[in-house]
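Trainee: Mind having a look at this structure? Questions to follow.
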Amino acid sequence: MPTPFLSKSVFCDDSALSRAFRDLSTYPHAEPQALSRNGRAIGNAGEHVVDSLAARHGLVLAVVDDGLSFDRVLQLPGTMIRLQIKTRTKPLANGYLFAMSKGYRGAPAGVRPYAPNDFDLAALVVLPLNFVFFSAAKTPRIMVTFEQIRRLRTDPLASLDSAVQTILQPDAVQTPRVSGL
């Protein structure tokens, strides 16, 4: 339910700002059509969650121009890792499913898969929970389960650590910092 002051006094006209506020003021309980209409804003919010997580933990992310197959560059000593950020709002029965594709239905090129070298890591944002899961998987879909979210809440960089280890040392035996991953 929107806040009375904002909805009645501040956003009472039919401007684009007012329409966006009316659409998203009840987030994450907004109507599916409202979420769809505001997909870019929701995607931007997910990118800001990743930026905030990185900043809180002393990591340096660089924003890149639109039109690339990745959204950020994670700067580490001696290397840079390209991040593709995906954001979800609504869960399925056992977690959040992320479609690893680029483009959108209304675009001339449509929706299409990423090429294997388009990005290095996926940063998967569960926006209502302010949660980020990092993955080096190069699959068309990635499921982040409720159990993974529960386990990683106490160590928000565990999945990043594991994913970076996967791409920097692909032949090394993985020893996750959080059991059950």
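The values are calculated or read from the model by the stated rules, or taken from the named source; none is laboratory data. Just so we're clear, the structure is a prediction, and the values are computed from it rather than from any experiment. Cβ placement follows ideal geometry from the backbone for every residue including glycine, while neighbour counts extend to all protein chains displayed. Surface areas here come from the heavy atoms of the whole protein model, side chains and all, with no ligands, DNA or RNA. Shrake-Rupley method; radii C 1.70, N 1.55, O 1.52, S 1.80 Å.
Trainee: Do we have any residue at all in segment 64-81 that's open to solvent by less than 80 Å² (accessible area, probe 1.4 Å), within 26 Å of PHE146 (Cβ to Cβ) and touching a residue at least 60 places away in the same chain (Cβ under 8 Å)?
Mentor: no
Trainee: Given the criteria at pLDDT below 85 and either out of contact with any Ser or Thr (no Cβ under 7 Å at 6 or more places or on another chain) or charged (D, E, K, R) (or both), does ASP118 qualify?
Mentor: In short, no.
Trainee: Now for a separate question. Suppose we keep only residues that are open to solvent by 100 Å² or more (accessible area, probe 1.4 Å) and among the acidic types (Asp, Glu) within segment 12-33. Which one would you say is modelled with the lowest pLDDT?
Mentor: Restricting to residues being open to solvent by 100 Å² or more (accessible area, probe 1.4 Å) and among the acidic types (Asp, Glu), the top hit is ASP14.
Trainee: So, SER9, is that one open to solvent by less than 40 Å² (accessible area, probe 1.4 Å), modelled with pLDDT under 85 and polar (S, T, N, Q) or not?
Mentor: Taking the combined requirement at face value, the residue does not satisfy it.
Trainee: Would you pick out the residues in segment 144-176 that are among the aliphatic types (A, V, I, L, M) and either surrounded by 14 or more Cβ atoms within 10 Å (Cβ to Cβ) or assigned to a helix (DSSP H, G or I) (or both)? Quick ask: steps written out before the conclusion?
Mentor: The initial filter retains those residues of segment 144-176 that are among the aliphatic types (A, V, I, L, M), namely 144, 149, 152, 157-158, 160, 163-164, 167-168, 172-173.
Residues satisfying the conditions are VAL144, ILE149, LEU152, LEU157, ALA158, LEU160, ALA163, VAL164, ILE167, LEU168.
Trainee: Could you list, ordered by first residue, the pairs with Cβ atoms under 8 Å in which the first is in segment 166-177 and among the hydroxyl-bearing types (Ser, Thr, Tyr) and the second is at pLDDT 70 or above, at least 6 apart or interchain?
Mentor: THR166/ALA136
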